[in-house]
There are 4 protein chains.
Amino acid sequence: MNPKWNGQFSCFDLVARTGDRIGQPVHTVVSLGDVGIGADDFVVMAGPCAVESERQLLSTAEAVAEAGARILRGGAYKPRSSPYSFQGLGVEGLKILRKAREQTGLAIITEVMSEEDVEVIAEYADIMQVGTRSMENYALLEVLGSCGRPVLLKRGMTSTLEEFLCAAQILAMAGNPQIILCERGIRTFETATRNTLDIAAVPVLKTVSHLPVIVDPSHAAGVRSIVPALARAAVAVGADGLLIEVHPCPEKALSDGNQSLNFTEFRDLMDDLQPYLAIPQEKREFRPRLVVGGAD
Amino acid sequence: MNPKWNGQFSCFDLVARTGDRIGQPVHTVVSLGDVGIGADDFVVMAGPCAVESERQLLSTAEAVAEAGARILRGGAYKPRSSPYSFQGLGVEGLKILRKAREQTGLAIITEVMSEEDVEVIAEYADIMQVGTRSMENYALLEVLGSCGRPVLLKRGMTSTLEEFLCAAQILAMAGNPQIILCERGIRTFETATRNTLDIAAVPVLKTVSHLPVIVDPSHAAGVRSIVPALARAAVAVGADGLLIEVHPCPEKALSDGNQSLNFTEFRDLMDDLQPYLAIPQEKREFRPRLVVGGAD
Amino acid sequence: MNPKWNGQFSCFDLVARTGDRIGQPVHTVVSLGDVGIGADDFVVMAGPCAVESERQLLSTAEAVAEAGARILRGGAYKPRSSPYSFQGLGVEGLKILRKAREQTGLAIITEVMSEEDVEVIAEYADIMQVGTRSMENYALLEVLGSCGRPVLLKRGMTSTLEEFLCAAQILAMAGNPQIILCERGIRTFETATRNTLDIAAVPVLKTVSHLPVIVDPSHAAGVRSIVPALARAAVAVGADGLLIEVHPCPEKALSDGNQSLNFTEFRDLMDDLQPYLAIPQEKREFRPRLVVGGAD
Amino acid sequence: MNPKWNGQFSCFDLVARTGDRIGQPVHTVVSLGDVGIGADDFVVMAGPCAVESERQLLSTAEAVAEAGARILRGGAYKPRSSPYSFQGLGVEGLKILRKAREQTGLAIITEVMSEEDVEVIAEYADIMQVGTRSMENYALLEVLGSCGRPVLLKRGMTSTLEEFLCAAQILAMAGNPQIILCERGIRTFETATRNTLDIAAVPVLKTVSHLPVIVDPSHAAGVRSIVPALARAAVAVGADGLLIEVHPCPEKALSDGNQSLNFTEFRDLMDDLQPYLAIPQEKREFRPRLVVGGAD
């Protein structure tokens, strides 16, 4: 049996093969202006599921910036999980995102779903988001390898962490080491929530990889009332940030309204997190340690 | 469509039928001496997976009591997930547990797996634990209905929260309303951890039921290094307590050694939780609210 | 790496430890009068989910006997998957089952859910059925070890085949080697059917164990229209028999009506199977072979 | 509650919306020369996982053609489920496939994984295969809408049948109604087999859609010894064909060797199926019927 990461997790021979972490105390930090994802900051990305209109996006951008978010999310190209659902504004949406950046200074993250769209989206976005359904779209990962932008990679719907890291490696080997991992819940038999947030994924990924890890409590919950609790849990386990859906009027959102927060709710959530974020990191002793080898 | 709890969770018609919570601001508190589970205290239950010897148990009892645990766990009757595994000391183990209570003042929780054992275990234990594999053992739940002791009910390996609450209701209808729910992770495709801790189960259960909810981070993790992070997450989402495996020498434990903490690690975990527990509950605004009816 | 069964299945070290099959060409046959389950016969067990009345059961017994069933199923004690569901007639139901045996000559199979009920049920039944929710009820399995009746063991809702065989071994080690394994579908994300019939479980179990394996297409399907197709598949993969729900009037059944066949449908199903059963077993070459060792 | 397909399956409102089947007794037949998939023929597609060399492919093509296969499978572009695995010969592989068609008359099916490759693959292939990991790659489905070739769509790793049909609809709405559905097993907790063949998917899909449905027993099994049993089951439930992995020397295959048959084994499998295929379709009465409306 090969030596394993810290003698505990059972499935990361793969990671060991690339030797990413052995002897490397340094973690990857994805820098955007003065924001460092994976550094000491806790970075909140917020915004609507889809860019619906200039007014909707700009008002959201201002509200989330004021509440402390550093990055604006918003989909210009939407996955059509059904042939009847909203498909996004396309380039028009990208232009609205750019305008929001100009007005608020927020960096922009938006999803890319097609190899063909990589180039145009890279012109407008600061971070390219790869959605859950695309985590194993290897052709897309290859093209993103040379897009010149950091990539936020969402975990697949039922992917193991090993498969998740494997997708990250394909991206890295294609030339792009600027990767942010995003835990967003996995499919289980539970129906009370849209997905099951695998909160343990955060300390596991922080132990076996050097990449920043953020949490999307909105898609995990599927209902807005428990988003704040999941956000607190993400802080408590050491996540590097959050990706949260915010909409001026969730009841009227074209997609994901049930899980979106309105501006007041988002501000409350940000306030709610402060005392948790204020706990000195050194107090968070007893975190997962990296020990090469060791018995099971 | 029937009205649903707070218009958000999709599966709790069942709960609505019993009308447990409508108009009832009162939560169930399970009281043991001066400990109130489900009240303002955060109650930690700790101890070995199995009672192996008097010396092992008594030393653990002292260590966990000193670190702040209020309840001692320890299995006298063990489930045989394989015909070759350790099956517990039986009544001998119960006597050792009683001795530990006398010496430390800790209340005792231990598992019951057979209808036949209910009576004898109820003589010794303060809380009867129903394990994951027994959650749907309705015959056992019926007998526990009249055992005169509170019951800690663990969620089934792949049970939905609706099924979990249904088992709790069977117990309540059999005459025993003193129930503590325990989230201990569910089976998913992830193999890095033994189970996947469904951290969202805590706020969901606290919203739709009136029962105390505790978290077992040890069985969820399967590896000790991430137990503290999961324990912090449990505090952050509003759990009423924890159930944690502690062993004088985890490397030599007859069962579950990989996920057990030693005394130092347990003390560190308890220290680590303090600042999280110190955050005033009022700061935890924006928690799930109970609203009858409402749109989806 | 240990040698494995036939170098192919990845999880049966457990079985290898008991050495059941090495050098043993003999398969277990569970004999009831002139019926041999696990021998050359293809044995169909049929009847209602629950014994509801004498009239309902006797008419069903006659109908299924005439159509070729050899064993009558019917629940006298029902699991209460909800506190509101029908719980069975108890001893009264057992007496009705006995009367049906006297009138038709069919052997009787009925479910046992409680250790306490084992003795009384064993007085009336020819085969004791352990339901899906009880597969890991080790206390019950222990008591059944000395009940003097064959046991039909249903696979747990999300059990692996290794866990299934482990439960069978616990029963065998408790003194009862007369075991029939029953594949009845496992829980998956699919909702079109009640469960997902793991048809591959039949050839795998027939390869790695010496026990008879039957299929319950009714619980797997959940809807009657595909029960016949699943029954044909069971014959095609080499199952030793079937367990099928039949009711005089499925629309009025107190439980499982959607998946029950009426008498005509059951007769059609039995006719439908004949040409598949007539294919000589020797034609079914190329079946799983047992080879000790071998590469992966 | 909306009317549902035949009053039984619970999840196909979506299908009902397109009204594909109401009043349409006609099934889709995908025709390739004298082969009609979805018509009376039972069509076997066979060949290696990957095209490794001209010699490997041509010898396989001859062997499977002689045994009765009508279509040759072989991957020229391979998904890299790990950055270290074989990625295929690309255009070179396509040329070898064309040569095999010229020599044997077999039609060709090969996988497409990238939008960019659609055009070149469509020049060489008779059927475009969309793999499990690409079922939800909507950008790829859009491009395939106008590729001018039939598409074989594999079910996603944990997709429900509703999601599967939704992907098929996206393809159809993009302009390509020539679709073959392929059940290839879904991910479950079972580890004895690579995936769990959802054999019930065949009668369900045949009931609620008008598309041909074939079964891939090789990926479902993961081990060759049970491939023949699963192939028989596919015939018994009414599948329109099979997709099977065959390799001259499975022990030396660059991918999927464990589940590939050698030439003799494939011939035996084809012989083994004959008596099952010879059972007159009319004998297969009692198949799922389409009834609009009806109670649950």
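The values are calculated or read from the model by the stated rules, or taken from the named source; none is laboratory data. If you're wondering where the values come from, they're calculated on a predicted model, not measured in any experiment. Using ideal geometry, Cβ is built from the backbone for each residue, glycine included, and neighbour counts are taken over all protein chains shown. Surface accessibility is based on the protein's heavy atoms, side chains included, excluding ligands, DNA and RNA. Shrake-Rupley method; radii C 1.70, N 1.55, O 1.52, S 1.80 Å.
Can you confirm whether the stretch C:178-199 contains a residue that is in a helix (DSSP H, G or I) and at pLDDT 95 or above?
No, that holds for no residue.
Filtering the stretch A:208-223 to residues that are surrounded by fewer than 24 Cβ atoms within 10 Å (Cβ to Cβ) and within 11 Å of chain B (Cβ to nearest Cβ) leaves A:G222, A:V223.
Matching residues to (1) charged (D, E, K, R); (2) farther than 16 Å from B:M270 by Cβ; (3) touching a helix residue (DSSP H, G or I) at 6+ places or on another chain (Cβ under 6 Å); (4) within 12 Å of chain A (Cβ to nearest Cβ):
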residue: B:C182; (1), (2), (3), (4): no, yes, no, no
residue: B:T193; (1), (2), (3), (4): no, yes, yes, yes
residue: B:S225; (1), (2), (3), (4): no, yes, no, yes
residue: B:E245; (1), (2), (3), (4): yes, no, yes, no
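Number of residues in the stretch D:145-177 that are out of contact with any Lys or Arg (no Cβ under 9 Å at 6 or more places or on another chain), in a loop (DSSP other than H, G, I, E, B) and either within 20 Å of D:V227 (Cα to Cα) or of a type outside the set (A, V, I, L, M) (or both) equals 10.
Residue count for the stretch A:109-131 satisfying the condition of being within 27 Å of A:G36 (Cβ to Cβ), open to solvent by less than 20 Å² (accessible area, probe 1.4 Å) and either within 14 Å of chain D (Cβ to nearest Cβ) or not in a helix (DSSP H, G or I) (or both): 11. When B:A172, B:A229 are checked against the criterion of being small (G, A, S) and modelled with pLDDT under 95, B:A172 stands alone in meeting it. Report yes if some residue within the stretch B:271-291 is of a type in the set (F, W, Y), modelled with pLDDT of 95 or more and farther than 15 Å from A:P275 by Cβ; otherwise report no. No, the stretch B:271-291 has no match at all. Could you tell me whether D:V143 is more than 30 Å from D:T264 (Cβ to Cβ), of a type in the set (V, I, T) and open to solvent by 10 Å² or more (accessible area, probe 1.4 Å)? For D:V143, the condition - more than 30 Å from D:T264 (Cβ to Cβ), of a type in the set (V, I, T) and open to solvent by 10 Å² or more (accessible area, probe 1.4 Å) - is met. Quick check on C:A125: is it within 15 Å of C:Q178 (Cβ to Cβ) and either acidic (D, E) or modelled with pLDDT of 95 or more (or both)? Taking the combined requirement at face value, the residue satisfies it.
Among the residues of the stretch D:28-53, those identified as open to solvent by less than 20 Å² (accessible area, probe 1.4 Å) and not in a loop (DSSP other than H, G, I, E, B) are D:V30, D:V35, D:G36, D:I37, D:V43, D:V44, D:M45, D:A46, D:G47, D:A50. Residues in the stretch B:158-179 that are under 13 Å from B:E136 (Cα atoms) and within 12 Å of chain C (Cβ to nearest Cβ): B:T158, B:S159, B:T160, B:E162, B:E163, B:L165, B:C166, B:A167, B:A168, B:Q169, B:I170, B:L171. Of all the numbered requirements in (1) closer than 30 Å to C:L171 by Cβ; (2) not aromatic (F, W, Y); (3) not in a loop (DSSP other than H, G, I, E, B), B:G88 misses one, and that requirement is (3).
Being more than 10 Å from chain B (Cβ to nearest Cβ), open to solvent by 50 Å² or more (accessible area, probe 1.4 Å) and not acidic (D, E) is a property that A:L254 has. If only residues of the stretch D:63-88 that are of a type in the set (K, R) and open to solvent by 20 Å² or more (accessible area, probe 1.4 Å) are counted, the one that is modelled with the lowest pLDDT is D:R80. Within the stretch D:227-244, the set of residues being in a helix (DSSP H, G or I) and either touching a residue at least 24 places away in the same chain (Cβ under 8 Å) or surrounded by fewer than 24 Cβ atoms within 10 Å (Cβ to Cβ) (or both) comprises D:V227, D:P228, D:L230, D:A231, D:R232, D:A233, D:A234, D:V235, D:A236.
Restricting attention to the stretch A:195-204 and to residues that are more than 7 Å from chain B (Cβ to nearest Cβ) and surrounded by 24 or more Cβ atoms within 10 Å (Cβ to Cβ), the residue that is nearest to A:E163 (Cα to Cα) turns out to be A:A201. When we screen C:T60, C:T104 for residues that are closer than 22 Å to C:V35 by Cα, open to solvent by less than 30 Å² (accessible area, probe 1.4 Å) and more than 12 Å from every other protein chain (Cβ to nearest Cβ), the only hit is C:T60. Inside the stretch D:152-163, residues that are surrounded by fewer than 24 Cβ atoms within 10 Å (Cβ to Cβ) and among the hydrophobic types (A, V, I, L, M, F, W, C) make up a count of 1.
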